[in-house]
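The values are calculated or read from the model by the stated rules, or taken from the named source; none is laboratory data. Computed from a predicted structure; not experimentally measured. A quick note on method: Cβ atoms are made from the backbone with ideal geometry, for glycine too, and the neighbour counts reach across all protein chains shown. We work out accessible area using only protein heavy atoms, side chains counted, and drop any ligands, DNA or RNA first. Shrake-Rupley method; radii C 1.70, N 1.55, O 1.52, S 1.80 Å.
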Amino acid sequence: MDFPVFLKYIPKIEKETLPAVEAHIKMASLDRISSLIDKSYDRDGLRNAAVMMLVYPKNTKAYLALILRNASTGIHSSQVALPGGKVEPEDINLATTALRETFEEIGVLPERIQVIKAFSEVYIPPSRFLVFPFLGVCLSELIFDPSPDEVAKMIELPLEDLMDDTNLTNVELKTSYADEIEVPAFDLQGHIVWGATAMILNELKETIKRVL
């Protein structure tokens, strides 16, 4: 998708009703679907986090910034993710968290990002995080400066790859909470994207499709 074309759809995206759980469950394992639908998880002790779906131009095309987490970053180590992290006391709001963490993880200054819209939160059972995604846009090309403490690799994903249904798959994984589980996933540039990140990206994908 050309970046100028994507920009033309932003006003429609801002007004569009989010698919929320309808999009999330399509990328969830079977054991998680019921809790997503009725939100039957215990909210006591949950930690809040925010992530940024950052769209930017590269060679006139629209790209999305993803990261491969380091092997030493805890329960979600070595996974493909969106830049983001937990809320800190100094953060004014959740959007501020997403902007701050994006700067800390991939080096994009907050003032370069226009926050377009808050997307639907996703609960992550293994880490007990409630994650709040935001769609952000940078109007000029980016040179990333990933944090070596958190990021093993930047993944610059053409937005059209996310929109391509042929990149949907099912994989069997060993996770922190199951020895072997089959999950729906995106196969993006050879990287398997599953779990909360896949749910968040699928809501973005379906929202864009609704306004095309």
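Taking Rh as the Kirkwood radius, which is the inverse of the mean 1/r over Cα pairs, what is the Rg/Rh value for the chain?
Here Rg/Rh amounts to 0.93.
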Running a GNM on the chain with Cα contacts under 10 Å, which residue among Arg100, Arg43, Arg128 ends up with the highest mean-square fluctuation?
Arg43
Once Lys and Arg get +1 and Asp and Glu get -1 on their Cβ, which of Val183, Thr102, Asn70 lies farthest toward the positive end of the dipole of the chain?
Thr102
State the percentage of accessible surface on segment 120-212 attributable to carbon and sulfur atoms; use a 1.4 Å probe and exclude ligands, DNA and RNA.
47 percent
Tell me the net charge near Leu82. Cut-off is 10 Å between Cβ atoms, Leu82 excluded, with +1 for each Lys or Arg and -1 for each Asp or Glu.
-2
Would you mind giving the three semi-axes, in whole Å and largest first, of the ellipsoid equivalent to segment 138-204 according to its Cα gyration tensor?
24, 18, 10
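With +1 on each Lys and Arg Cβ and -1 on each Asp and Glu Cβ, and nothing else charged, work out how big the dipole of the chain is about its Cα centre, in Debye to the nearest 20. Provide the component values of the computation, followed by the final result.
On the way: 21 positive and 32 negative charges, 95 e Å.
In debye, rounded to 20, the chain gives about 460.
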Considering only protein heavy atoms, what is the solvent-accessible area of Val87 at a probe of 1.4 Å, reported in Å² to the nearest 10?
50 Å²
The aspartates and glutamates whose Cα lies under 14 Å from the Cα of Lys26, excluding any fewer than 8 residues away in the same chain, are Asp165, Glu182, Glu203, Glu206
Mind ranking Phe134, Phe186 by accessible surface for me, highest first, 1.4 Å probe?
Phe134, Phe186
If I ignore ligands, DNA and RNA and count only protein heavy atoms, how much of Ser147 is accessible to a 1.4 Å probe, in Å² to the nearest 10?
20 Å²
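Relative to the compact-globule scaling 2.2 N^0.38 Å, provide the ratio for the alpha-carbon radius of gyration of segment 1-103. It would help to have the intermediate numbers written out before the result.
On the way: Rg = 16.4 Å, N = 103, 2.2 N^0.38 = 12.8 Å.
In units of the 2.2 N^0.38 Å rule of thumb, it is 1.28.
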Of the candidates Glu105, Glu150, Glu16, which one comes out as most mobile in a Gaussian network treatment of the chain with C-alpha springs shorter than 10 Å?
Glu16
